[in-house]
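Quick notes on the structure that follows.
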Amino acid sequence: MLVRVAERPQQNEVVVSFPILTLTGETQIMEIALNDADLIATDARVVRYKGVDYLTTLSHLRLLCTDDGINFYEPEGYQKLFGNGALQTFGIEDCRVTQLEGKYYLTFTAVSDSGVGVSMRTTTNWKAFEDHGMILPPHNKDCAIFEEKINGLYYALHRPSSVDIGGNYIWLAQSPDGLHWGNHRCIVKTRINNWDSARVGAGAAPIKTDKGWLEIYHGANAQHQYCLGAFLLDLNEPWKVLARTHDPIMVPTEEYELSGFFGHVVFTNGHVVNGDTITIYYGAADEHVCGAHFSMREIFEALGV
Ligand code: MAN
């Protein structure tokens, strides 16, 4: 499992402090007095100072191993993955990993003062990584590449945000080489008066099933309450949405999902399928990584297929 680790210094009552990366990769701590009139700090995740947005935490990615899917440890001899370069100075987050033709494709959110976009690294052995830079420019996140080519093309789900006309919708892109993406199509939108009314975004790589590509996605409402749902895409024409759950398949209910660094959040980037059981790994309240078992049959029932 590759986890997002978000770090910040111990906070005190006088200043808000947060780390950013310099262009040469050193960590620099920014400090702003809490009584500074130019500081806006109303969201646990972001601060705005003199018109510039910063993140309150700096994230990197860490590889963990498990023998049973429940107990995880950090293996020796593997590097942590840190932000690198001008487009990752505020960190890297929320990685989806796709295994395709012997290669692992890591697509993650890259954050800097230039914006939030999707960057990619690939590896075959988790020791040497090839950096492909930013593949989808701001504002974009939640990119998950399909684990098989379809009719000779790579496909990926991603989530651009359109601030004026449009919204935070899930799009599908195709690529001849896995690096250059085009023919973007908007396939799943937010739904008014529903749990996914404000934003939707892909979870991990779609799961190939005999009914279609099954995608577990997150949705949030205007109060930033995040739940999980599912949709199904046609196997050969993945821009066709065959079904979508009306109600969420997972809602934050436990104490550790309702309160934490940012409460009322369940947010997934990874899963393991074993027969009818799918173990969905998810972030709870932006604080803990959890796992939950679901029945594939029950998800298909919720989809009405
Ligand atoms: C949102 C949240 C944060 C994340 C930033 C940048 O504010 O998803 O957790 O750090 O976007 O991606």
Inset, instruction - Obtain the nm distance between the two label points defined at MET1 and SER295 by a simple spin-label model: each point lies 7 Å from its Cα along the Cα-to-C-beta direction. - result: 2.4
Inset, instruction - Compute the Kirkwood hydrodynamic radius of the chain, taking the inverse of the mean of 1/r over all pairs of distinct Cα atoms, and give it in Å to one decimal. - result: 20.0
Inset, instruction - Could you let me know the centre-to-centre spacing of region 141-218 and region 17-94, using Cα atoms, in angstrom? - result: 25
Legend entry - Equivalent ellipsoid, region 1-119 (semi-axes from 5 times Cα gyration tensor eigenvalues, Å): 30, 17, 12
Legend entry - nm² value of the averaged projected area, convex hull over the Cα atoms of region 125-283: 11.1
Legend entry - Net charge over other residues, Cβ less than 14 angstrom from the Cβ of ALA37 (K, R count +1; D, E count -1): 0
Inset, instruction - Just need the Rg to Rh number for region 160-233, please, alpha carbons only, Kirkwood Rh. - result: 1.00
Legend entry - Value of relative contact order over the chain, rounded to a whole percent, pairs C-alpha under 8 Å and six or more apart: 9
Legend entry - Of LYS80/LYS149; LYS50/LYS141; LYS103/LYS149; LYS50/LYS80; LYS103/LYS211; LYS103/LYS208, pairs whose Cα-Cα distance is over 22 Å: LYS80/LYS149; LYS50/LYS141; LYS50/LYS80; LYS103/LYS211
Inset, instruction - With N set to the residue count of region 80-176, report its C-alpha Rg divided by 2.2 N^0.38 Å to two decimal places. - result: 1.08
Inset, instruction - Give me the accessible area per residue for the chain, probe 1.4 Å, as a whole number in Å². - result: 48
Inset, instruction - For region 223-298, count the residues as N, evaluate 2.2 N^0.38 Å, and divide the Cα radius of gyration by that value, please. - result: 1.21
Inset, instruction - Can you check what the net charge comes to around ALA128, using other residues whose Cβ is under 14 Å from the Cβ of ALA128 (Lys, Arg +1; Asp, Glu -1)? - result: +1
Inset, instruction - Compute the FRET efficiency between THR124 and THR209 as 1/(1 + (r/R0)^6), taking r as their Cβ-Cβ distance and R0 = 25 Å, and round to the nearest 0.05. - result: 0.40
Legend entry - Within the accessible area of the chain (1.4 Å probe), percent carbon and sulfur: 48
Legend entry - Positive-pole candidate from PHE90, ALA302, THR66, dipole of the chain, charges at beta carbon: ALA302
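The values are calculated or read from the model by the stated rules, or taken from the named source; none is laboratory data. Just so it is clear, the model here is predicted, and its values are computed rather than measured. FYI the Cβ positions are ideal-geometry reconstructions off the backbone, even for glycines, and counts take in every protein chain you see. Quick note on the areas: whole protein, heavy atoms, side chains included, nothing else; ligands and nucleic acids left out. Shrake-Rupley method; radii C 1.70, N 1.55, O 1.52, S 1.80 Å.
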